[in-house]
Amino acid sequence: MIENVPVIDIAELESPISLDAIDRACREWGFFQVTGHGIEPALLRDVFDVSRDFFAQPADEKRRVQRDVDNPWGYYDRELTKNRQDWKEIYDFGPADGGTLKPRWPSGHLRLRFEPIMRAYYASCRALALRLLSAMASNLGVSASRLVQGFDDAHTSFLRLNYYPQCRPSSGDERPFGVGEHTDAGALTLLLQDDQAGLEVCREGRWHLVEPTPGALVINIGDMIQVWSNDRYRAALHRVVTNLTRDRYSVPFFLSPSYETTYAPLPTTITPECPARYRPIQWREFRTLRAAGDYADIGEEVQITHYRT
Ligand code: OGA
Ligand code: NI
């Protein structure tokens with residue numbers, strides 16, 4: 001039997017049918033796709049348009065907005081996943097924090113379109129991600145505010161443009177991954193993918209393609225929800241395989257809390273038979289350790305299992 005990542009219509013997100021479907025998808029896959037999410041198709045098209053225009057620029061122009069250790073927003077083409085270089089280029093947009101973090105914008109006429117579209121899409125993703133998080137709070141038996149409180153103005157969420165150029169390795173070379181297998185570190189991720197397949201999710205030891213579905217967004221839970229749920233939900237391993245003949249574009253939005261947030265299994269998930277499986281984790285510490293591994297081989301990359309009790 002071929003099984004696919006479930007596609008859920010969330011036009012009535014708070015209905016028992018939607019909530020049950022989400023609970024089941026979180027338990028069985030850690031992944032689902034949503035339709036009826038309310039983000040305008042025109043905005044989704046605009047995001048892909050500006051992403052293509054951005055990556056089509058000359059390498060020098062892209063390097064002008066390259067990220068660095070003090071300010072991670074901007075362009076990068078040498079990211080590592082678990083110490084192996086990914087076959088991709090990225091551009092990250094996150095808000096200014098009044099300190100060293102500021103968006104880096106492309107220059108000239110591209111910026112005129114790029115900046116408002118990125119800001120509009122970021123705002124739409126944030127609102128939708130918080131609605132989904134509230135639904136998951138309800139499924140985990142806590143109030144929405146209990147989970148959403150760490151995501152006020154100081155949240156650290158960001159939007160990423162991924163560009164996976166077609167990849168023809170010379171014969172004999174190991175084929176690289178667009179992104180090597182990993183789980184996402186934050187609360188949850190909303191991903192817009194184009195019509196080129198490539199994203200795969202691991203379920204019960206087997207890799208399944210996340211079928212491109214026009215107009216849908218792919219949702220996956222991150223390590224943080226795994227911890228809150230005390231392993232009722234698992235952040236699924238996923239990866240991107242490279243395409244031999246076509247370029248691929250995707251746009252994840254990573255919902256992450258403020259650095260001050262500490263998270264631990266919710267009281268509603270703890271029973272005498274199932275005690276808390278994680279000690280409290282500080283987002284600042286976990287995020288910082290994980291991000292360090294994106295730049296350089298610093299030894300084994302930190303994983304959420306290091307926090308198991
Ligand atoms: C990621 C990721 C999947 C994709 O950027 O964390 O898993 O399809 N991307 O680009
Ligand atoms: Ni990911």
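The values are calculated or read from the model by the stated rules, or taken from the named source; none is laboratory data. No experiment lies behind these values; they were computed from the predicted model shown. Ideal geometry is used to build each Cβ from the backbone, glycine not excepted, and the neighbour counts take in all protein chains shown. We work out accessible area using only protein heavy atoms, side chains counted, and drop any ligands, DNA or RNA first. Shrake-Rupley method; radii C 1.70, N 1.55, O 1.52, S 1.80 Å.
Between P106, N139, S124, the Cα set farthest toward the positive side of the dipole of the range 103-162 (charges on each charged residue's Cβ, about the Cα centre) is that of P106. Taking GluC sites (Glu not before Pro) as exposed when DSSP calls them loop and at most 12 other C-beta atoms lie within 10 angstrom, the chain has its longest site-free stretch at 15-173. With N as its number of residues, the range 77-204 has a Cα radius of gyration that, divided by 2.2 N^0.38 Å, comes to 1.27.
Remind me, what semi-axes does the chain give for its equivalent ellipsoid, largest first in whole Å, using sqrt of 5 times each Cα gyration tensor eigenvalue?
29, 22, 21
Could you state the accessible area per residue of the range 172-279 in Å², with a 1.4 Å probe and every protein chain left in place? Roughly 39 Å² per residue, with all protein chains present. Dipole of the range 212-259 computed with +1 at Lys/Arg Cβ and -1 at Asp/Glu Cβ about the Cα centre; of A216, W228, S258, farthest Cα towards the positive end is A216. Taking the Cα centre as origin and putting +1 on Lys and Arg beta-carbons and -1 on Asp and Glu beta-carbons, what dipole magnitude results for the range 1-114, to the nearest 20 debye? Computed about the Cα centre, the dipole is about 640 debye.
Where q = 0.09, 0.14, 0.21 Å⁻¹, what log10 of I(q)/I(0) comes from the Debye formula for the range 139-263, counting one point per Cα? Per q value, in the given order, log10 I(q)/I(0) is -0.31, -0.69, -1.25.
Taken about its Cα centre, the range 75-181 carries a charge dipole of about 220 debye when Lys and Arg each add +1 at the Cβ and Asp and Glu each add -1 at the Cβ.
Full extension of the chain between R52 and E12 gives 11.1 nm of extra length, using 0.36 nm per residue less the Cα-Cα distance.
Label separation (T245 vs E115): 4.1 nm, computed from points 7 Å beyond Cα along the C-beta direction. Considering only the Cα atoms of the range 4-149, their convex hull presents on average a projected area of 11.3 nm².
Could you estimate the translational diffusion coefficient of the range 148-191 from the Stokes-Einstein equation, with Rh from the Kirkwood formula over C-alpha pairs, at 4 °C and 1.567 mPa s, in whole µm²/s? Approximately 92 µm²/s, per Stokes-Einstein.
Using only Cα coordinates, the Kirkwood hydrodynamic radius of the range 1-57 works out to 13.4 Å. Keeping the other protein chains in place, figure out the carbon and sulfur percent of the accessible area of the range 1-137, with a 1.4 Å probe. Ligands and nucleic acids excluded, carbon and sulfur give 53 percent. Quick check: Cα centre of the range 235-309 to Cα centre of the range 42-94, how many Å? Using only Cα atoms, the two centres lie 21 Å from each other.
Both the radius of gyration and Dmax for the range 108-172 are 18.2, 55 Å, in that order, over alpha-carbon atoms.
The charge dipole of the chain, taken about the Cα centre with unit charges on the Cβ atoms of Lys, Arg (+1) and Asp, Glu (-1), comes to about 280 debye, rounded to the nearest 20.
Over the chain, dividing the summed -39,500 (n - 2.57) contributions of all DSSP H runs of at least 4 residues by the number of residues returns a 222 nm mean residue ellipticity of -9000 deg cm²/dmol. Give, to the nearest whole percent, the P(r) tail of the range 193-272 beyond 19 angstrom, counting all Cα pairs. Of all Cα-Cα pairs in the range 193-272, 51 percent lie more than 19 Å apart. For the range 168-211, taking Cα atoms only, Rg and Dmax work out to 13.1, 40 Å respectively. Calculate how steeply helix 16-28 sits against the longest principal axis of the alpha-carbon atoms of the chain, using the helix alpha-carbon long axis, and give the answer as 0 to 90 degrees to the nearest 10. The answer is roughly 70 degrees.
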